[in-house]
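These notes are about the structure you will find just below.
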């Protein structure tokens, strides 16, 4: 990299300041100032990761929550409106706002979680307890090779087995035909209970599992075998926000009676600090895990019990400060920037294979002869990691194993360099 490159100079200065922060000899009184200055120099050139600086009001809201140690113990839906504190009422408004955006029925509840990992664990826990109330055997969890690792982690925590469904050969999303093959195999073996984790916006490719094709498959199996049960939820952690404001196909997840939960993270593309996720679920499920708190009025039906009220305040102020129209405009501009960048990349690499979805802000660039691996210096400079994975693909002629090598790229600003 050239010494005259402003980005390079900024990063080198940041490294120097960080080293001073870590030195024992540096006076403690100036360490916060040096650390703040160092972190401020990071302008988000790491377009291989979902990193954005929170907006002003979201940061203020988070600081208010921290300043007063706001604790949202339990679940705000277990309290009457009169019993809720002002910040619990704020969390209630956050959930209702998201429910309205998703055209959800009144039967949907939720809470502000730390993020997608906690939310997937919560829904996995609900799924296990839901099946415990039915005659079926414990559920098998159906995922793909690209499903976020937190889903398989959650399955391990609650003691459930995971089974991989093959990916579509073109879009690298869950293959409806691959799902058919797995269901046929498992049903023949006597399995009747299935927890299905669908993804809207894979964190590494941006692809969205096609619910419009998967739902008929599940209904057909339900008609053929009346004792089959499906517990389905949608993990939209990474790309749920652009889809929320731009996509009609992803606007009403709870329109289907098969969908039991929905996961979204505001700290991914929502300009809020970390620890600002939301999990939604069918209200009747909460009783499966709810327990009283002997010394308080609250009933707990969450993972963590005590939760940071700062998360809800941050999301709420973010929603208050930006209108729905402005969010749509913001994400539309980023989508346009993404499309222009991909067009320029294809001009430079005509045979480059790109995996993405038209309404998300992530794409996978397949490494091949048409687009060879970048230098390690370039990878390091832009925070790009070469991902190497073996995945199951449904090719139409059956399931095969394919080795993928690719970079994931996130479009969070308007001036990304052409690689």
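All of 190, 206, 222 fail the test of being assigned by TED's automatic domain parsing to the domain that holds residue 303, under 25 Å from residue 244 (Cβ atoms) and not in a strand (DSSP E or B), apart from 206. Taken over the stretch 294-323, the criterion of being in a strand (DSSP E or B) and closer than 19 Å to residue 81 by Cα is satisfied by 299, 300. The set of residues from the stretch 348-370 being in contact with a strand residue (DSSP E or B) (Cβ under 9 Å, 6 or more places away or on another chain) and either free of Cβ contacts under 8 Å to residues at least 40 places away in the same chain or over 24 Å from residue 173 (Cα atoms) (or both) comprises 349, 352, 353, 354, 368. Yes or no: the stretch 53-74 includes at least one residue that is surrounded by fewer than 18 Cβ atoms within 10 Å (Cβ to Cβ), in a helix (DSSP H, G or I) and in contact with a strand residue (DSSP E or B) (Cβ under 9 Å, 6 or more places away or on another chain). There is at least one residue in the stretch 53-74 that is surrounded by fewer than 18 Cβ atoms within 10 Å (Cβ to Cβ), in a helix (DSSP H, G or I) and in contact with a strand residue (DSSP E or B) (Cβ under 9 Å, 6 or more places away or on another chain).
In the stretch 284-293, which residues are in a helix (DSSP H, G or I) and out of contact with any helix residue (DSSP H, G or I) (no Cβ under 7 Å at 6 or more places or on another chain)?
We begin by selecting, within the stretch 284-293, every residue in a helix (DSSP H, G or I); these are 284-288.
Selection gives 284, 286, 287.
Just so you know, in the stretch 329-338 the residues that are over 19 Å from the mean Cα position of the chain (by Cα) and touching a residue at least 12 places away in the same chain (Cβ under 8 Å) include one that is surrounded by the fewest Cβ atoms within 10 Å (Cβ to Cβ), and it is 333.
Residue 291 is checked against (1) assigned by TED's automatic domain parsing to the domain that holds residue 246; (2) surrounded by 15 or more Cβ atoms within 10 Å (Cβ to Cβ) and fails just one. What number does that condition carry? Unmet for residue 291, out of (1) assigned by TED's automatic domain parsing to the domain that holds residue 246; (2) surrounded by 15 or more Cβ atoms within 10 Å (Cβ to Cβ): (2). Within the stretch 132-145, the residues that satisfy the criterion of being surrounded by fewer than 22 Cβ atoms within 10 Å (Cβ to Cβ) and modelled with pLDDT of 95 or more are 140, 145.
Residue 365 meets all of the listed conditions (1) assigned to a strand (DSSP E or B); (2) under 22 Å from the mean Cα position of the chain (by Cα); (3) loosely packed, with under 13 Cβ neighbours inside 10 Å but one, namely (3). Looking across 308, 345, one residue alone is surrounded by fewer than 23 Cβ atoms within 10 Å (Cβ to Cβ), in contact with a strand residue (DSSP E or B) (Cβ under 8 Å, 6 or more places away or on another chain), more than 21 Å from residue 202 (Cα to Cα) and not assigned by TED's automatic domain parsing to the domain that holds residue 88. It is 345. Selection over the stretch 226-246 of residues that are out of contact with any strand residue (DSSP E or B) (no Cβ under 7 Å at 6 or more places or on another chain) and assigned to a strand (DSSP E or B) gives a count of 0.
Determine whether residue 384 is closer than 24 Å to residue 147 by Cβ and part of a strand (DSSP E or B). Taking the combined requirement at face value, the residue does not satisfy it.
The values are calculated or read from the model by the stated rules, or taken from the named source; none is laboratory data. Computed from a predicted model, the values in this text were never measured in an experiment. Note that each Cβ is placed from the backbone with ideal geometry, even for glycine, and that neighbours are counted across all protein chains shown.
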